[in-house]
Amino acid sequence: MSQNSNRFSATWSNIGYYYQLRCALLLLMKSPKDSQISLESLDDIVFERDGTPEELIQTKHRITSTASLIDTSTDIWKTLRVWSTEIAEGRFDPSNVTLTLITTAKAQDGSASSKLRPKESGMRNTEEALAIFCRIASEDNGQTNKPGYEAFLKIGDEKQRQLVENIKIVDEFPLINDLKRELEAQLKLVVPDKFKEPLLKRLEGWWFDRSVKHLTRQVTGPILFKELSNEIWDLQKQFEEDNLPIDFLQAVAPHANQLPPQQQIFIEQLKIISVLDQRINLAISDYYRAFEQRSKWVREDLLLGNELTEYEDKLVREWRELFYIMQEDLRESPTEDDMKERGRTLYSDVILGENIPIRPRVSEPYVMRGSYHILANKREVGWHLQFIDRLQRLLSPEQGVQ
C-alpha cells in the first residue's frame, strides 16, 4: 500500500473514532435522565443499568451519504460477527438486549437491513431478515465476510432468531459534519442561537477528555447523563449576559523569545523596574492566556460593541490614579533605586490588587492581569516613573517597534 493510502486510511479511521464519540454524545443528550453509557466495552457504545447492558450500539461512518448497505456489506457482517461472538461467549443474552447499528449508509430496498429498521418505519420484518442472513451465510463464498458468516452460523437457530429480533438498524444517520448540527440543535433551549456553536466546542472538549478518562480507566464506571447535564448547565452559565467563558486556565505560555518583538515590550517594562525573573514568567503566562482568551471571545463574537475597548479604558483609568500618586511621591529628585522600588510597588498594587472584571462574573484574574500587560505592550500603561522615555531609548527600530 502506498504512503498516501496509509495516510488516508488512518484519516478515515480517526474520523470513525471521532464519529463514534459524537454519536455517543448525541445519544446520551437525547436519553432519559438516569441513563449510563460505556464506550468500547461490549461494543462501540453501550447503554447499561447497574452494570447490565440494555443496548449495544455499533457506529459506521462512510465518506459520503450515497453509500449503500446491501446484504453482503462488510459493515453488516463485521457487526454480526462481533455480536455473534459475544453471544457464543455468553457475554450477553440476545433475548433482552437491543442491538443497534447506526450507519450513514442507506439500506438497499428489500435488503435484510431495510427490514430491520425501527418499528416506527413500518417496514420491519425480522423473519424475512433472518432468512436472508441465513441464506447469505450458508451460500456466499466471499472470503471477506467469511469470519462473520461462521460466527453467525455457529450460535445456532435459536440464538440467531433472538439476535435478529433484537437488531435495530438506523440507516442514513447524519454524516460527521451534519452530526455537529444535530448536537447544536439539542442546545437550542440552553443558549441563544449565536452561542450554540461556541458552547458545543467547549462541550465536545469536555466530552473528549471525559471519554479518554473513561477509556483509560482513569475514572471507573460508566458515564452518567447527570455528568453531561451538569457540564452543559455549567457551560450555559458562562454565556449569560454578566459572564464570559474561561478557556485558558491550563494553557502553557511560550518562552519569552518565542513572542514577536512587539509583544515583548511588557517584559522590557518589568525589566526596567528590576522585577524578578520568576515574576516575569508569571507575567508571560498571564499575558499569553489573556491574549488567547480575548482573541477567542472576539472570534466567537461573544463581546458586545466596544466592550473590550471600554474595559481597557477602565483599566487605564485605575492605573493612572495610582501612577499619579507615585508621581507625587517622587517629585523631589528621586534616585534610580527609588523609581525602581516605587515602580515595583505600583506594579504589585495594580496586578495583585482588587480584580477588575470585564463582566461582573468573570472573576479569573489572568484576564485583568494579562490585559494590563497587553496595555503595557501598547505603552498605554507603565510601571517606571519615566517608562515612556526609557522605552524610547531602549527599543530600536530594528525590533519592529513603531
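When R49 is tested against (1) exposed (fewer than 14 other Cβ atoms within 10 Å of the Cβ); (2) farther than 23 Å from C23 by Cα; (3) in contact with an Asp or Glu (Cβ under 9 Å, 6 or more places away or on another chain), just one condition goes unmet, and that condition is (2).
Condition test on G142, is it outside any helix (DSSP H, G or I), of a type in the set (G, A, S) and in the same structural domain as E54 (by TED's automatic domain parsing)?
yes
Does E227 qualify as being surrounded by 12 or more Cβ atoms within 10 Å (Cβ to Cβ), touching a residue at least 40 places away in the same chain (Cβ under 8 Å) and of a type in the set (D, E, K, R)? So E227 does not fit the description; no.
Scanning region 111-124 for residues that are at pLDDT 90 or above, in a loop (DSSP other than H, G, I, E, B), surrounded by 13 or more Cβ atoms within 10 Å (Cβ to Cβ) and not hydroxyl-bearing (S, T, Y) returns A112, R117, R124. Kindly establish whether T52 is more than 23 Å from C134 (Cβ to Cβ) and more than 22 Å from the chain's Cα centre (by Cα). Here the answer is yes, as T52 does meet what is asked. Looking across region 181-203, the residues that are under 12 Å from M29 (Cα atoms), surrounded by fewer than 18 Cβ atoms within 10 Å (Cβ to Cβ) and in contact (Cβ under 8 Å) with a residue 12 or more places away in the chain come down to E182, E184, Q186.
Could we say that I169 is in a strand (DSSP E or B) and buried (at least 19 other Cβ atoms within 10 Å of the Cβ) here? Reasoning before the result, please.
Numbers: in a strand (DSSP E or B): yes; buried (at least 19 other Cβ atoms within 10 Å of the Cβ): yes.
Here the answer is yes, as I169 does meet what is asked.
Which of the following residues is modelled with pLDDT of 95 or more, in contact with a Pro (Cβ under 9 Å, 6 or more places away or on another chain) and not aliphatic (A, V, I, L, M): K296, K314?
On the way: K314 fails: in contact with a Pro (Cβ under 9 Å, 6 or more places away or on another chain).
Among K296, K314, only K296 is modelled with pLDDT of 95 or more, in contact with a Pro (Cβ under 9 Å, 6 or more places away or on another chain) and not aliphatic (A, V, I, L, M).
Residue-by-condition table, conditions (1) more than 28 Å from G382 (Cβ to Cβ); (2) without any contact (Cβ under 8 Å) to a residue 12 or more places away in the chain:
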| site | (1), (2) |
| --- | --- |
| L244 | no, no |
| Q250 | yes, yes |
| P254 | no, no |
| Q258 | no, yes |
| I265 | no, no |
| E268 | no, no |
| D277 | no, yes |
| I280 | no, no |
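Is it the case that Q278 is part of a helix (DSSP H, G or I) and at pLDDT 95 or above? Step through it out loud before you land on a result.
On the way: part of a helix (DSSP H, G or I): yes; at pLDDT 95 or above: yes.
Judged against the criteria, Q278 is a match.
Any chance region 369-382 includes a residue that's crowded, with 18+ Cβ neighbours inside 10 Å, touching a Leu at 6+ places or on another chain (Cβ under 9 Å), assigned by TED's automatic domain parsing to the domain that holds Q269 and in a loop (DSSP other than H, G, I, E, B)? Within region 369-382, one or more residues are crowded, with 18+ Cβ neighbours inside 10 Å, touching a Leu at 6+ places or on another chain (Cβ under 9 Å), assigned by TED's automatic domain parsing to the domain that holds Q269 and in a loop (DSSP other than H, G, I, E, B). For region 231-246, the condition of being surrounded by 13 or more Cβ atoms within 10 Å (Cβ to Cβ) and over 27 Å from the mean Cα position of the chain (by Cα) holds for none of the residues.
Applying the condition of being without any contact (Cβ under 8 Å) to a residue 60 or more places away in the chain and not in a helix (DSSP H, G or I) to region 290-308 and asking which residue is surrounded by the most Cβ atoms within 10 Å (Cβ to Cβ) yields L303.
Under the condition of being out of contact with any helix residue (DSSP H, G or I) (no Cβ under 8 Å at 6 or more places or on another chain) and either hydroxyl-bearing (S, T, Y) or assigned by TED's automatic domain parsing to the domain that holds N125 (or both), the residues counted in region 190-224 number 2. Only a single item in (1) free of Cβ contacts under 8 Å to residues at least 60 places away in the same chain; (2) more than 14 Å from L56 (Cα to Cα); (3) touching a Phe, Trp or Tyr at 6+ places or on another chain (Cβ under 7 Å) is not met by E86, and it is number (2).
The values are calculated or read from the model by the stated rules, or taken from the named source; none is laboratory data. What you are looking at is a predicted structure, and each value in this text was computed from that prediction instead of being measured. Here Cβ is always computed from backbone atoms with ideal geometry, including for glycine, and neighbour counts include all displayed protein chains.
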